[in-house]
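What follows is a short report on a single structure.
The values are calculated or read from the model by the stated rules, or taken from the named source; none is laboratory data. Bear in mind that the values here come from a model prediction, so they are computed numbers and not experimental data. Counting neighbours? That spans all protein chains shown, and the Cβs are built from the backbone with ideal geometry, glycine included. Protein only, heavy atoms only, side chains kept; ligands, DNA and RNA dropped before computing areas. Shrake-Rupley method; radii C 1.70, N 1.55, O 1.52, S 1.80 Å.
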Amino acid sequence: MSESLFSFEPVQLPANAVALRDEVRLFVAEHIKAAAFDPRLNAWGTRHPAFSRACGAMGYIGMCWPKRYGGHERSALERFVVIEELLAAGAPVGCHWVADRQSGTQILRHGSEEAKQTIIPKIVKGECYFSIGMSEPDSGSDLAAVRCRARRIEGGWQITGSKVWTSAAHMAHYLILLARTQAVEEDRHAGLTQFIVDTSEPGFATRPIYNLYGAHEFNEVILDNYFVPDAMVLGEVGQGWRLVTGELAFERSGPDRFMSTFQLLLDSIRQLSQAGDADRQCLQDLGRLIVHLSSLRRMSSSIAGKLERGENPAIEAALVKDLGTAFEREVPEVFRRLLAIEPSMGSSAAYDENLGMSLLRSPSFTLRGGTREILRGMIARGLGLR
Ligand SMILES: Cc1cc2nc3c(=O)[nH]c(=O)nc-3n(C[C@H](O)[C@H](O)[C@H](O)COP(=O)(O)OP(=O)(O)OC[C@H]3O[C@@H](n4cnc5c(N)ncnc54)[C@H](O)[C@@H]3O)c2cc1C
């Protein structure tokens, strides 16, 4: 077996991260008191432009990015605390989420100076939203099969093709899009490139795809002879596979991968205590969920510590996403069993509706960002089993 087993060293939060936690709690409490938002399930998929701007004004976006582009040069552990508190409060952070979690970092690492200067300061203010342009009709898990094609023309690239399941592309200012810049040869991973696509330019269109509960959250994206200038190419042409796998590590490791149903967990505990009939089985089930949650928290904070030290925790991130999304799926199933409440859509009782909504949403948790089978393949490789 390989020596490269993963590790989750415990981290000690620095004193400034602890102080920051109190600050964020106060910030969200004031917004809830002012009725600026209701705590929501799936907070990072809930979009609220004014709240994103307020997060920007507080310095909660681009926390680890360089000051010369508007960032705050704070630590990954401080960022972890802010993210965790916003999600725990069910705050609607969806507008800026993808840009802050992965796209901005990708641009800072691999983008041109022009891209950094024009885009990063707007992200930091909470005014610029990104979507992820990876999946296509026949290439979700198998990203190397992308067929969206970029052709070299004077001054840049012309892209033609389509993407699917592109969350919030109809509201985004930009996408980071993976396209094929060279025909498939022996190495399927060669000849791919990432581009920054401005959604306001000609040749870009979206069509809604309605999800299981009838909402328009994701889209089909169509690119028709869409022009990307050279300044909006990420990294070296043909190196897109390396870039996209690096981006996925950022997408997979954070508390967003186990906190989508955290508000339901809190509300369910309140329901149980009001009903006053928690038996031994119920307490055991609750205890198991809480222990899982605290283990996931510790693993995810350990990854923030690795990022702080400049390590690449891609395999650890896959493990957190696999276990975390299984946890967030399990929460509604456990309480559906424990409470004599009928989950329902359109119910006047908020809890019944949240339970119904969580049940309809939860199958997607283990798909978005990479399916469990794919993650387990990566984990097996990390363990030296493949
Ligand atoms: C809510 C939601 C939001 C999304 N948002 C975005 C977005 O913003 N941008 C974006 O680009 N994509 C997005 N996606 C797409 C998502 O990343 C893909 O659905 C996912 O990667 C799986 O791809 P697929 O749907 O093509 O399924 P497939 O790849 O066809 O897989 C079908 C099944 O086969 C299994 N399978 C496939 N290959 C293997 C293998 N090698 N070994 C074992 N099993 C395998 C899979 O695990 C899965 O169970 C979103 C998806 C959802 C549900």
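Below, the figures for the structure above:
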| quantity | calculated |
| --- | --- |
| Scan of segment 58-115 for residues that are within 16 Å of the ligand (Cβ to nearest atom) and either among the hydrophobic types (A, V, I, L, M, F, W, C) or part of a loop (DSSP other than H, G, I, E, B) (or both), ordered by number | V93, C95, W97, V98, A99 |
| Residue in segment 311-326 that is surrounded by fewer than 17 Cβ atoms within 10 Å (Cβ to Cβ) and modelled with pLDDT under 95 present | yes |
| Failed item in (1) out of contact with any Pro (no Cβ under 6 Å at 6 or more places or on another chain); (2) modelled with pLDDT of 95 or more, with G70 passing the rest | (1) |
| Tally, over segment 70-82, of residues that are of a type in the set (A, V, I, L, M, F, W, C) and open to solvent by 10 Å² or more (accessible area, probe 1.4 Å) | 3 |
| Output for segment 109-137, where each listed residue is farther than 14 Å from V221 by Cα and surrounded by fewer than 16 Cβ atoms within 10 Å (Cβ to Cβ) | R109, E113, E114, Q117 |
| Contacts under 6 angstrom Cβ, first residue in segment 210-223 being free of Cβ contacts under 8 Å to residues at least 12 places away in the same chain, partner among the hydrophobic types (A, V, I, L, M, F, W, C) and part of a loop (DSSP other than H, G, I, E, B), 6 or more apart | none |
| Elements of type helices (runs of 4 or more DSSP H) contained in segment 252-367, each with 3 or more residues being of a type in the set (D, E, K, R) and within 16 Å of the ligand (Cβ to nearest atom) | 314-338 |
| Qualifying position, being at pLDDT 95 or above, over 22 Å from R53 (Cα atoms) and open to solvent by less than 10 Å² (accessible area, probe 1.4 Å), among L175, L192 | L192 |
| Selection status of R40, open to solvent by 70 Å² or more (accessible area, probe 1.4 Å), outside any loop (DSSP other than H, G, I, E, B), touching a residue at least 40 places away in the same chain (Cβ under 8 Å) and not aliphatic (A, V, I, L, M) | no |
